[in-house]
Amino acid sequence: MRIWICGIVGVVVLAFGAESQIEVQNSQKKMQQEIYATFEVQALQNATLALSANGVVDEIFVEVGAQVKKGDKLLALRAKDLKENVQVAKASLESLKAKYAFITSQYKRYEQSKDAIDLNTFEKIKAEYKASFFDLKRSEANFALQKELLDNTILYAPFDGVIAQKFVEVGDGVGAISSKLFVLESLHKKALIVFDSKYFNLVKVGDAFVYKVDNIPQDSKMVLSKIYPSIDKKTKKATAEAFIKNPKIPAGIFGDGMILVNGILKEDSKNRAQSSNF
């Protein structure tokens, strides 16, 4: 009799547990929210490039759409006089290196036998040795300066990317800093996702974003990687950020979609499931 009663109780408990689990799952599905949002695609890095030197454009090595690597030459100014200055400075440096090496060797020989030579002669050699050392250092500094001045007439890519815009042609005069020459954008892109600020506390990093471009649903989903901490005062909109894996989507594209909010809701469902076990 007792066994029969225990069996009935066990069946009731199992049925209650299964029913509670189904209720939790249904509750979780009902509680999951979809928040409407719009987005704009931007490059992860975007820079308007200029030179720190004045001059006339002599060569342009890239056009719009060209993919470049960090350190690639993009543009060069006419710099015939600066190139000559570098050559003269280099020749002077090589000459002073040879002179310093000779005087150093001579000074060391005199130093080893200074007790056997005239003091004035030794002091003269010592003074020439010190003067040669300072002449060499000045020459090295001048050579480095001339190289830097020449290098400033060449524009290099600061990071990997693609030339998005070009504002200059061969023969144009450019001013230091003030003249914009190119816009360089990184190949990797991000989406700035804008949504109603009333959902600010619901949306979390890691939430998925199902989106459309030109009203066409995309196969891949974005994952929110950043939530901006402030809200736009004028529009009352909050902003999130996500990386875009699809390389075919260009910067400047707009679209819309749904943020699938589930972080807090899953935790709430977990708490409900735990409480149902008691």
### Query
Any idea what log10 I(q)/I(0) is at q = 0.16, 0.17 Å⁻¹ for segment 84-139, Debye with uniform C-alpha scatterers and no solvent?
-0.52, -0.57
### Task
Check cross-link reach from Lys83 to the aspartates and glutamates: straight Cα distance under 17 Å, and skip same-chain residues fewer than eight apart.
Asp58, Glu59, Glu94, Glu140, Glu148, Asp151
### Task
Pairs to check: Lys180/Lys248; Lys90/Lys126; Lys70/Lys180; Lys166/Lys245; Lys180/Lys221. Give those whose C-alpha atoms are more than 29 Å from each other in this structure.
Lys180/Lys221
### Query
Rounded to the nearest 10 Å², what accessible area does Glu241 show when all protein chains are kept and the probe is 1.4 Å?
10
### Query
Counting only protein chains, not ligands or nucleic acids, how are Met258, Met222 ordered by accessible area (probe 1.4 Å), most first?
Met258, Met222
## Note on the structure
Expressed in square angstrom to the nearest 10, the accessible area of Lys221 with a 1.4 Å probe stands at 120
### Query
At q = 0.17, 0.18, 0.19 Å⁻¹, what log₁₀ I(q)/I(0) does a Debye calculation on the Cα points of segment 126-268 give, no solvent, two decimals?
-1.03, -1.08, -1.14
### Message
With a 1.4 Å probe and all protein chains kept in place, how much accessible area does Arg109 have, in Å² rounded to the nearest 10?
### Response
130
### Query
In what order, largest first, do Val205, Val56 sit by accessible area if the probe radius is 1.4 Å?
Val205, Val56
## Note on the structure
Classified through the alpha carbon gyration tensor (a ≥ b ≥ c as square roots of its eigenvalues; rounded if a/c is under 1.5, else prolate when a/b is larger than b/c, else oblate), segment 127-200 comes out prolate
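The values are calculated or read from the model by the stated rules, or taken from the named source; none is laboratory data. Remember, predicted model here, so these are calculated numbers, not experimental data. Heads up: the accessible areas ignore ligands, DNA and RNA and are worked out on the full protein's heavy atoms, side chains in. Shrake-Rupley method; radii C 1.70, N 1.55, O 1.52, S 1.80 Å.
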